[in-house]
Amino acid sequence: MSTNSPAKQPPPLAFVDTETVGLDPFLHDAWEYAVILRRGDVDTEYEFRIRPDLTNADPKALEINRYHERTSDEDWHWDDRCTAAARLYSLLNGAVIVGSNPAFDAEMLTHLFGRYYDNPRPWHYRTIDIATLAVGALYGRASEWTRKDCDASWYGKVAGAVGWPWKSYEASRHVEVDPPAKDVAHTALGDARWARDVFDAVTVPDAFYTASDEQLAGMAADALSRMHGGQR
């Protein structure tokens, strides 16, 4: 009889974003939540819309995320708060949260969950900020280039490219991920997808380097087909 215990599965990743009526979690509610849950190689998208209290809403926040424009759409609907909170809690329980400034989103979620649960922070204790991840990757490249060229100016080039404090959009561009387009920027799902793409750009090797000979041949054939108008 084998005494080997089954390998422990890593926690799922949860690419998360919230849209809020302001920046203070004690005064302002989140009204739109998005989670892209990754288990293994499968990503599943979830969206929740919870009607906020607008008493202390920041007009600038409502302008940036187009609250009035979006919620007045005829297809817009609000989810039941308790049901949405329960589903969100289940999705995030034990997951590693990834996002752009995920500490902010986590705090907003904490205030939502605090109304219903004794433990309002069910996720893994370490969240992942995509700006920090991207900038770390860029400084890693600077280290490699410095050793190759014997030129420490690469560090200054990275610093100039991403600014200080680090600008998430600039860091994103420098790992070859375009920031969200205007029509999806500051929507919860649009920003969650962007966080996912930046994470993957840093942590997942390009398909070219992991492809088999047969897959490479297929890529080449597809590229040639596109060049010649679909004719091989």
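The values are calculated or read from the model by the stated rules, or taken from the named source; none is laboratory data. As the structure is a prediction and not an experimental result, all values here were calculated from the model. Ideal geometry is used to build each Cβ from the backbone, glycine not excepted, and the neighbour counts take in all protein chains shown.
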*Given the conditions (1) over 17 Å from the mean Cα position of the chain (by Cα); (2) over 23 Å from Arg39 (Cα atoms); (3) surrounded by 15 or more Cβ atoms within 10 Å (Cβ to Cβ), which single one is not true for Val135?*
(1)
*Would you mind finding the one in Val21, Val16, Val35 that is buried (at least 21 other Cβ atoms within 10 Å of the Cβ), modelled with pLDDT of 95 or more, more than 22 Å from Leu91 (Cα to Cα) and not charged (D, E, K, R)?*
Val21
_Residue in region 84-105 that is assigned to a helix (DSSP H, G or I), within 18 Å of Leu37 (Cα to Cα), under 21 Å from the mean Cα position of the chain (by Cα) and among the β-branched types (Val, Ile, Thr) present_ = no
*asked:* Within region 81-93, does at least one residue satisfy the condition of being modelled with pLDDT of 95 or more, over 23 Å from His28 (Cβ atoms) and out of contact with any Ser or Thr (no Cβ under 9 Å at 6 or more places or on another chain)?
replied: yes
*Which ones in region 144-189 are within 19 Å of Thr203 (Cβ to Cβ), part of a helix (DSSP H, G or I) and touching a residue at least 12 places away in the same chain (Cβ under 8 Å)?*
Val158, Val162, Ser168, Ala171, Ser172, His174
*If you take the residues of region 138-153 that are within 14 Å of His174 (Cα to Cα) and not basic (Lys, Arg), which of them is surrounded by the most Cβ atoms within 10 Å (Cβ to Cβ)?*
Leu138
*Count - residues of region 67-93 that are aliphatic (A, V, I, L, M) and either farther than 28 Å from Arg121 by Cβ or surrounded by fewer than 15 Cβ atoms within 10 Å (Cβ to Cβ) (or both)*: 1
*asked:* Any residue at all in region 71-84 that's touching a strand residue (DSSP E or B) at 6+ places or on another chain (Cβ under 6 Å) and either among the aliphatic types (A, V, I, L, M) or more than 27 Å from Phe199 (Cβ to Cβ) (or both)?
replied: yes
*If you check Tyr139, Tyr125, which single one turns out to be within 30 Å of Gly163 (Cα to Cα) and assigned to a loop (DSSP other than H, G, I, E, B)?*
Tyr125
*Count, please, the residues in region 109-119 that happen to be under 19 Å from Ala34 (Cβ atoms) and either over 16 Å from the mean Cα position of the chain (by Cα) or surrounded by fewer than 21 Cβ atoms within 10 Å (Cβ to Cβ) (or both).*
4
*Restrict the check to region 192-206 and report whether at least one residue is outside any helix (DSSP H, G or I), of a type in the set (A, V, I, L, M), at pLDDT below 95 and under 17 Å from the mean Cα position of the chain (by Cα).*
yes
